[in-house]
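For reference, the structure discussed in these notes is given below.
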Amino acid sequence: MRLWLIPLLLIKLISATPTPIVLWHGMGDTCCMSFSLGSFKIFLEKNIPGVYVLSLQIGNNTVEDFENGYFMNPNLQVEYVCEKLAADPKLSNGFNVMGFSQGCQFIRAVVQRCGHKLPQIKNMVSLGGQHQGIYGIPHCGALRHETCDDVRKLLNYAAYNSWVQNSLVQATYWHDPLDERTYEANSVFLADINNVRTVNKTYIQNLNNLERFVLVMFDNDSIVQPKETEWFGFYAPGQAEKLVSLRESKIYLQDRLGLKKMDKAGKLIFLSTPGDHLRFTEEWMIKNIIKPYLSS
Ligand SMILES: *[C@@H]1O[C@H](CO)[C@@H](O)[C@H](O)[C@H]1NC(C)=O
Ligand SMILES: *[C@@H]1O[C@H](CO)[C@@H](O)[C@H](O)[C@H]1NC(C)=O
Ligand SMILES: *[C@@H]1O[C@H](CO)[C@@H](O)[C@H](O)[C@H]1NC(C)=O
């Protein structure tokens, strides 16, 4: 073989390696259990031969990973993951990211806050993320409406207390549409990454560096309220029934996060699938996510 061919062959080999995928699990879950993300990782590896999949463990072991999903402030979790990703040599040629439920807004925060310090993040897939927060409790839609409202009011009373904000993960993306001002002033995580208080240009730049931002909504989601938050929709301010879609919302119209620009450039992909929170079939995942966004 001619010597000059060797570098060419190496380049060919490297470029044939699929883009690695980083997963961030949801609340009440961990990185690697065989009945959840552990088997999803194997499923990805089977469908994308040779792919490196990193399922993030937040903490030193499974128990910590589980607990941190409730009690470790997301701002610290994001910092922790930024360092982990920067230190992983297998990601050095760029990678895709995929979030599950609350893992979606956390991995988006990684993209926005440290994307410029990491290798290129190509596509981001969000499965049932709460990008405009939540205002409801699991299965509330199935309960009587007034009961739900009372619980919501109670949670709302406590959620913005600074102790709760700093100690309970879910409070950091609690979003009360009846009191937008308190949310704006006190939300230590979501209001920041959504550029609600000020516009951080680094966030806009880093998010725009994605090739595609794929947002999946579960049509019959009984866990996340409102389910439209999975597409950046939310309740119109001042009430909790009427919904405002991303394209009608302030974050878009004022382009506070660059989402309008991304939308015009065809970078935002809105997908939905029937079924409850995080319920999808393997066929659906292969056809709609793996083949178009994770295979090359
Ligand atoms: C890992 O363990 C150390 C030592 O016990 C602890 O201080 C740290 O908080 C743990 N990391 C996480 C992310 O929980
Ligand atoms: C904007 O975000 C970057 C990245 O997280 C951070 O370093 C910077 O301090 C932020 N700027 C402001 C004005 O908050
Ligand atoms: C699921 O959601 C779709 C769209 O919102 C709706 O048409 C369908 O009736 C729902 N299915 C169930 C079983 O609730």
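If a spin label sat at a point 7 angstrom from the Cα of residue 43 along the line to its beta carbon, the backbone N atoms of the range 83-110 nearer than 15 Å would be those of 98-101.
Just to confirm the number: angle between the C-alpha axis of helix 5-16 and the first principal axis of the chain, 0 to 90 degrees, nearest 10? That works out to roughly 20 degrees. Going down the list 261/287; 117/153; 117/261; 41/117; 242/264; 122/201, which pairs span over 29 Å between their C-alpha atoms? With Cα atoms farther than 29 Å apart: 117/153.
Extending 7 Å from Cα along the Cβ direction at residue 282 and again at residue 149 yields two label points whose distance is 4.6 nm.
Based on C-alpha pairs under 8 angstrom that are at least 6 apart in sequence, the range 25-170 has a relative contact order of 23 percent.
Over the range 175-296, the hull volume per residue, using the convex hull of the C-alpha atoms, is 116 Å³.
At full extension, residue 158 and residue 295 could sit 44.9 nm farther apart than now, given 0.36 nm per residue minus the alpha carbon distance. Counting 0.36 nm for each residue step from residue 76 to residue 272 and taking away their Cα separation leaves a gain of 67.5 nm.
Leaving out ligands and nucleic acids, note down the accessible area per residue over the chain with a 1.4 angstrom probe, in whole Å².
Numbers: 14150 Å² over 296 residues.
With the other protein chains kept in place, the chain gives 48 Å² per residue.
The helix-only estimate of mean residue ellipticity at 222 nm for the chain, built from DSSP H runs of length n ≥ 4 each weighted as -39500 (n - 2.57), is -10500 deg cm²/dmol after division by the residue total. Segment residue 211..residue 67, full-extension length gain: 48.5 nm, with 0.36 nm per residue of separation and the alpha-carbon distance subtracted. The antiparallel fraction among DSSP beta bridges confined to the chain stands at about 10%.
Once the Cα atoms are used to define both axes, helix 37-47 deviates from the longest principal axis of the chain by about 40 degrees.
Take the Cα radius of gyration of the range 201-247 and divide it by 2.2 N^0.38 Å, with N its residue count; two decimals is plenty.
So the range 201-247 has a normalised radius of gyration of 1.40.
Taking the protein heavy atoms of the chain in the context of the full set of protein chains, the accessible area attributed to carbon and sulfur is 58 percent at 1.4 Å.
Kirkwood analysis of the Cα pair distances in the range 13-135 returns a hydrodynamic radius of 14.6 Å. Taking every alpha-carbon pair under 8 Å whose residues sit at least 6 apart, the chain reaches a relative contact order of 18 percent.
Over all distinct Cα-Cα pairs of the chain, the Kirkwood formula returns a hydrodynamic radius of 19.8 Å.
The values are calculated or read from the model by the stated rules, or taken from the named source; none is laboratory data. Quantities reported herein were computed from a predicted structural model and do not represent experimental measurements. Positions of Cβ are backbone-derived with ideal geometry, glycine not excepted, and every protein chain shown enters the neighbour counts. Note: accessible area is taken over every heavy atom of the protein model, side chains too, but ligands, DNA and RNA are not part of it. Shrake-Rupley method; radii C 1.70, N 1.55, O 1.52, S 1.80 Å.
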